[in-house]
Amino acid sequence: MKLLLINPKFPESFWSFQWAIDNVFSGKRALSPPLGLATLAALCPESWRVEIVDENIDAIPANPEADIVGICGMGVQFKRQKELLAFYKERGYFVVAGGSYASLCPELYGPLADSVVAGEVEYIWKAFCRDFETGAAKALYRETGEVALTDSPVPRFDLLKLGQYELASLQFSRGCPFRCEFCDIIVMFGRKPRTKSLDQVGRELDRLREADVRSVFFVDDNLIGNKPLAKALLQFLHDYQEKHDYWFDFGTEVSLNVAQDAELLRLFRLANFEWVFIGIESPDEESLKETLKFQNTRQDMLASVRELYSHGINVLAGFIVGFDHDTVATFEKQHRFIMQSGIHAAMIGLLVAIPKTPLYDRLGREGRLAADPDVQDNTKLGTNIIPKQMGYDEMIDGFQALYRSLLEDRNIADRIKNKTRYFAGVPEHTTDSFGGQFGILVRLLVHGLVPGGVVRMFHFVRSMPFSRPSLIPLAIGDWVVGLTMRDYVDRQFGQALGGSDGCLEDPRVSGAGEGLPGAFPRGSPVAELTVSRAL
Ligand code: SF4
């Protein structure tokens, strides 16, 4: 059997990091590879010939030599996934739909695919393969039970062009103990974290090391969902790194309560985690309680971010606007918090109600869902919820103004100062070579700083932590992130930001903070999209 697996092209979003990919990260074409397809490939019978095409780095073949074409997709890819399913079906191929959105809403795929694979694939994909070989493939394969991750194979990393991605992906756990109202992860994977064995993780790292990968993203939606198991993993990773001369740098997603556990933080550092992504969502306690994100209300959030900095761990974070408690004043609170925290990869999204989540059900009951099934990217200028305490247009305007302000050169520089002030030394075992870092600086200068003129150069220079030179690469990475997000806003939000150091046009989002001192997973598209080692 010949199986072609396709990862559809993502619509551009903040997470594409397009400007950085095009201008700064030499030789890279996308951030992270389709780990799910590599896992699926490893579940196929040995006699099957499998090929993976990631449309984010390669063109899709018009007439592939294949018996089956399998097309995955998250919510943000649904439109393109539908197009590809139709394209190959029309050409007479047997098409299979899968991925997280098909898992959440298999009913949407019925007419589009010959078979739909919904849910975790470890058992049902093997059943599909057996049935297909005997000519008895069913329309729907749905996992309703619990998959033991110890049954998950080492992904076929050899089928991915790993050299063309900034990061490689690896998964240790599925599930999260929390119950954020908007989250689809706990709908799909449940609230009891399940994990792979440490031996499995070691085998996957061995494969990645053999493939010369240096940066690895643990795509778990919350790596510390089970803290004792997370600590065992981190200790294992520390031992692995010592044995292999600190070959890897790591990043992952965690909940904010990581900052309350000194041992966890110490182990993250020892294992060489350079960054974590945290769903902060809102500095407003009432909004956090409303969305059942109680874990963020148990400590001062600013102090928590700084606690991570003090352990040399960079913080990327998701923020959301549009909660029922949010008013136009919320934008200023968000602005103040993001400035003070120094977070650069601050992924602010409009609240989106994902089908099957408690939020979707509640807003449906309240008659507050707008009918746009394709609104799945919560960084776009539109959403499917009707806000409660502000008009829809007010929310969109405030959202735009918030981004525009944060991405002014002056505010990029101030946030860097607000971060480096609290940052301990960067990890001593960096995988970045001097030549690699120098190349990033040169390309940043040529493509980002010089075109910004004298004012941008001024802010760049004043943001550099010259008294602590080891932090300079961190500051440069933040400029890359800031200018990348700004490029996206300039192109996607319709009109350019104006002067490189302009003032806020929207008085609701005034710069503020300690003398101007100054992220999504929810379970979201974020899981597959990521960040770069330059962060
Ligand atoms: S949003 Fe994050 S912390 Fe909340 S339930 Fe989902 S995965 Fe867990």
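Key figures for this structure:
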| quantity | calculated |
| --- | --- |
| Mean separation of Cα contacts under 8 Å, 6 or more apart, over the residue count of region 296-360: relative contact order % | 38 percent |
| Highest to lowest packing among 7-20, 471-484, scored as the average C-beta count within 10 Å | 471-484, 7-20 |
| Aspartates and glutamates whose Cα lies under 12 Å from that of K9, excluding same-chain neighbours fewer than 8 positions away | D54, E55, D58, E83 |
| Under 22 Å from K231, Cα to Cα: lysines that are on another chain or at least 8 residues apart | K192, K196, K243 |
| Computed over region 27-174: relative contact order in percent, which uses C-alpha pairs under 8 Å that are six or more apart | 33 percent |
| Given charges at beta-carbon only (K, R positive; D, E negative), |dipole| of the chain in Debye | 460 debye |
| Nearby aspartates and glutamates by direct alpha-carbon distance to K89 (threshold 17 angstrom, same-chain neighbours under 8 apart not counted) | E65, D67, D114 |
| Relative contact order of region 426-497, pairs being alpha-carbon contacts under 8 Å that are 6 or more residues apart, as % | 25 percent |
| Nitroxide proxy distance, nm - points 7 Å out along Cα→Cβ at R421 and E107 | 5.2 nm |
| Mean Cβ neighbour count within 10 Å, used as a protection proxy, ranking 358-365, 252-259, 49-56 highest first | 252-259, 49-56, 358-365 |
| Rounded to the nearest 20 debye, dipole of region 77-156 from Cβ charges on Lys, Arg, Asp, Glu | 340 debye |
| Cβ-placed point charges (K, R +1; D, E -1), dipole of region 1-157 about Cα centre in debye, nearest 20 | 240 debye |
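Rule-based calculations on the coordinates, nothing more; no lab input. This structure is a prediction, so every number in the text was calculated from the model and none was measured. Please note: Cβ atoms are built from the backbone with ideal geometry, for glycine as well, and neighbour counts cover all protein chains shown.
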